[in-house]
Amino acid sequence: MNEQSMTVRGKERYKSGVMQYKKMGYWEPDYTPKDTDIIALFRVTPQEGVDPIEASAAVAGESSTATWTVVWTDRLTAAEKYRAKCFRVDPVPNSPDSYFAYIAYDLDLFEPGSIANLTASIIGNVFGFKPLKALRLEDMRLPVAYVKTFQGPATGIVVERERLDKFGRPLLGATVKPKLGLSGRNYGRVVYEALKGGLDFCKDDENINSQPFMHWRDRFLYCMEAVNRAQAATGEVKGTYLNVTAATMEDMYERAEFARELGSVIIMIDLVIGYTAIQSMAKWARRNDMILHLHRAGHSTYTRQRLHGVSFRVIAKWMRLAGVDHIHAGTVVGKLEGDPATTRGYYDICRQDFNPMTLEHGVFFDQNWASLNQMMPVASGGIHAGQMHQLLDHLGEDVVLQFGGGTIGHPKGIQAGATANRVALEAMILARNEGRDYVHEGPEILAKAAQTCTPLRDALEVWKDITFNYESTDSPDFVPTATPAM
Amino acid sequence: MRVTQGCFSFLPDLTDEQITAQVQYCLNNGWAVNLEFTDDPHPRNTYWEMWGLPMFDLRDAAGVLMELNECRKVYGDRYIRMSAFDSSHGWESVRLSFIVNRPKDEPGFQLERHEAGGRNIRYTTKSYAVDRPEGGRYGGK
């Protein structure tokens, strides 16, 4: 369907009136994207009767220079350079009404180092465009020239590990529960028990800010008492993600500075604070030797449905540019959305220096990160010690495994819950490194470790039948096909 | 108390056989194994004393075990950790680190609190063992 260019050129192009987008220069099937172009891949679902090429050209137009009618003022500019160019439209496999549209944008269309500016173009007007039934931003190729204008993760995986002195295993965390209602004093108790029991981190939940039952200063003070007590009790560096999310930047800076003053190694923000606030906090974190945890609160409103919105892989790319250190990226086996192949794609985007195009993981482009720091993915939501072998297999070593209920819900208490998780993890790493087939022998490895660890035995017993097997709403469009050996 | 730094501190102390398997894993990955010891296990004491240089060219886990046993003969009353260093681009740091020897008695840490303005507290973590000079801690020689 990638037929010839229909672009009208010369005087005719600028005759007053309305012209199809595909004739205005937004459909250029012969265009070869430059190494410095930003490429966006959209899943376009046109309204019935709308030509998919015209719909895709309209996406290119509306996300770059076009408006609904021809304007003569285009002729005052290097208009051809600034027009985004749709250069390829493919039918989506097994989805007759949708098309993948590849659109190239010249680098000069974007302010360096600004996610707000990037997104104002790419997902600005165009998602409400009437001729489209639905539109989804699936992936982006970010040129090195553009990547290099961003700070990237404030700390990065390697330096985070160095600061924490923790190597060779996933980090362990837990979100304090109940999410709402605990007083500062009770809240700190949960943090202390979990850290002393063996976790590396505790975490505020996304909606813990400064409420009548617990104001933020109280939370910070009690949490840091808990962190320091646990450090002294174990000889290990410990942390708790103090959520500094607040109504204004001034409030957030005040909270972040207090966290720093108290000696916290890490703070946390929510995705809902917005891209500019996230970039500001990332710069603050870099200046203040602080690890920056991002909770992706709100993302499912636009990432989950396959036909409309923004894929989480794109959000992950933007967040790596924006500069957060931790990002929730799915568990595969837990209670929240995420099929294994798609999740693998997200994890690769967080952690690799170069992402090769891997369609079966939903990764549509080669992406060179040009030594930008790596982001630590966080797996949180409905996971427990009995799944340790699966978690390690799906998610690898550079990840924070966050067991909230799986720590605090332990029948013998929070410390016991934390110890169960830590022992399960260390036993699994030991076995993996010894060369054992830990994925299949996982249950035996855990049972063996439980012989010398009562808390693990209890945990395995309580949660032995807990799994979350539901159909995923967002899985890759391409499945690997076996190629015959030559 | 038990200092739980390192990758395997929540498991029973590793046997030499288990240590050998971990070393082999590191060597198979092309990482250089390194031995370090200390009698100040403060969580932020980054620089433990090095037992020689990282064993960059060693390909046999048995050789590392020999070095460990030599180190134990001299510093068996202290913490000894084994770490594996990965020099590949993008990492260039430690990949695995675990304790392979610890003092018989671990007195743990004192947490000092200095009350400051408001309700702020400045915390200082201090190993009980460091009251004595280096070498004389943990009832050492």
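What follows draws every value from the coordinates through simple rules; no lab data is involved. What you see is a predicted model; the values in this text were computed from it and never measured. Counting neighbours? That spans all protein chains shown, and the Cβs are built from the backbone with ideal geometry, glycine included.
Consider region A:206-224 and keep the residues that are under 22 Å from A:Gln402 (Cβ atoms) and out of contact with any Leu (no Cβ under 9 Å at 6 or more places or on another chain). The one that is surrounded by the fewest Cβ atoms within 10 Å (Cβ to Cβ) is A:Asn209. Restricting attention to region B:28-36, does a residue exist that is in contact with a Cys (Cβ under 9 Å, 6 or more places away or on another chain) and facing chain A (nearest Cβ under 7 Å)? So far as region B:28-36 goes, no, none of its residues is in contact with a Cys (Cβ under 9 Å, 6 or more places away or on another chain) and facing chain A (nearest Cβ under 7 Å).
Counting residues in region A:325-341 that are buried (at least 24 other Cβ atoms within 10 Å of the Cβ), charged (D, E, K, R) and either away from every other protein chain (no Cβ under 14 Å) or closer than 20 Å to A:Ile115 by Cβ (or both) gives one or more.
Which of (1) of a type in the set (Val, Ile, Thr); (2) away from every other protein chain (no Cβ under 11 Å); (3) surrounded by 20 or more Cβ atoms within 10 Å (Cβ to Cβ) is the odd one out, the single condition A:Ile157 does not satisfy? Every listed condition holds for A:Ile157 apart from (2). Just checking, does region A:2-21 include any residue being under 30 Å from A:Thr149 (Cβ atoms) and in contact (Cβ under 8 Å) with a residue 12 or more places away in the chain? Yes, because at least one residue in region A:2-21 is under 30 Å from A:Thr149 (Cβ atoms) and in contact (Cβ under 8 Å) with a residue 12 or more places away in the chain.
Hey, any hits in region A:169-188 for a residue that's in a strand (DSSP E or B), touching a Lys or Arg at 6+ places or on another chain (Cβ under 9 Å) and among the small types (Gly, Ala, Ser)? Within region A:169-188, one or more residues are in a strand (DSSP E or B), touching a Lys or Arg at 6+ places or on another chain (Cβ under 9 Å) and among the small types (Gly, Ala, Ser). For region A:235-258, the set of residues classified as away from every other protein chain (no Cβ under 12 Å) and part of a helix (DSSP H, G or I) consists of A:Met249, A:Glu250, A:Asp251, A:Met252, A:Tyr253, A:Glu254, A:Arg255, A:Ala256, A:Glu257, listed by residue number. For the structure I just gave you, tell me whether B:Arg119 is more than 30 Å from A:Leu372 (Cα to Cα), among the basic types (Lys, Arg), within 14 Å of chain A (Cβ to nearest Cβ) and buried (at least 20 other Cβ atoms within 10 Å of the Cβ). Criteria not met by B:Arg119.
Whether a residue is touching a residue at least 40 places away in the same chain (Cβ under 8 Å), closer than 26 Å to A:Ser311 by Cβ and in contact with a Leu (Cβ under 7 Å, 6 or more places away or on another chain) was assessed, and A:Pro170 passes this test.
Look at B:Thr125 and say whether it is part of a loop (DSSP other than H, G, I, E, B), within 14 Å of chain A (Cβ to nearest Cβ), among the β-branched types (Val, Ile, Thr) and within 20 Å of the chain's Cα centre (by Cα). No, not satisfied. When residues in region A:390-404 are screened for being out of contact with any helix residue (DSSP H, G or I) (no Cβ under 9 Å at 6 or more places or on another chain) and not aliphatic (A, V, I, L, M), 2 of them pass.
Restricting region A:210-221 to residues that are within 30 Å of the chain's Cα centre (by Cα) and aromatic (Phe, Trp, Tyr), the residue that is farthest from the other protein chains (Cβ to nearest Cβ) is A:Trp216. Only residues that are in a helix (DSSP H, G or I) and more than 13 Å from every other protein chain (Cβ to nearest Cβ) were counted across region A:400-431, and they come to 6.
Would you confirm, using the coordinates I've provided, whether A:Gln47 is more than 28 Å from the chain's Cα centre (by Cα) and surrounded by fewer than 16 Cβ atoms within 10 Å (Cβ to Cβ)? Against the criterion (more than 28 Å from the chain's Cα centre (by Cα) and surrounded by fewer than 16 Cβ atoms within 10 Å (Cβ to Cβ)), A:Gln47 qualifies.
The condition (being of a type in the set (A, V, I, L, M), over 20 Å from A:Thr343 (Cβ atoms) and either touching a residue at least 12 places away in the same chain (Cβ under 8 Å) or within 14 Å of chain B (Cβ to nearest Cβ) (or both)) is satisfied by just one residue among A:Leu372, A:Leu391: A:Leu372. Scanning region B:8-23 for residues that are more than 7 Å from every other protein chain (Cβ to nearest Cβ), touching a Phe, Trp or Tyr at 6+ places or on another chain (Cβ under 9 Å) and part of a loop (DSSP other than H, G, I, E, B) gives B:Ser9, B:Leu14. Just one of the listed residues (B:Leu96, B:Leu68, B:Leu58) is buried (at least 20 other Cβ atoms within 10 Å of the Cβ), away from chain A (no Cβ under 11 Å) and either among the small types (Gly, Ala, Ser) or touching a residue at least 24 places away in the same chain (Cβ under 8 Å) (or both), namely B:Leu68.
Test B:Arg72 against the stated conditions and say whether it is in contact with a strand residue (DSSP E or B) (Cβ under 8 Å, 6 or more places away or on another chain), outside any loop (DSSP other than H, G, I, E, B) and over 30 Å from A:Met376 (Cα atoms). Spelling it out, B:Arg72 is indeed in contact with a strand residue (DSSP E or B) (Cβ under 8 Å, 6 or more places away or on another chain), outside any loop (DSSP other than H, G, I, E, B) and over 30 Å from A:Met376 (Cα atoms). The single condition among (1) within 17 Å of the chain's Cα centre (by Cα); (2) over 30 Å from A:Asp353 (Cα atoms) that B:Phe85 does not satisfy is (2). Tell me which residues, restricted to region A:1-49, are aliphatic (A, V, I, L, M) and within 27 Å of A:Trp72 (Cβ to Cβ). Correct list: A:Met6, A:Val8, A:Val18, A:Met19, A:Met24.
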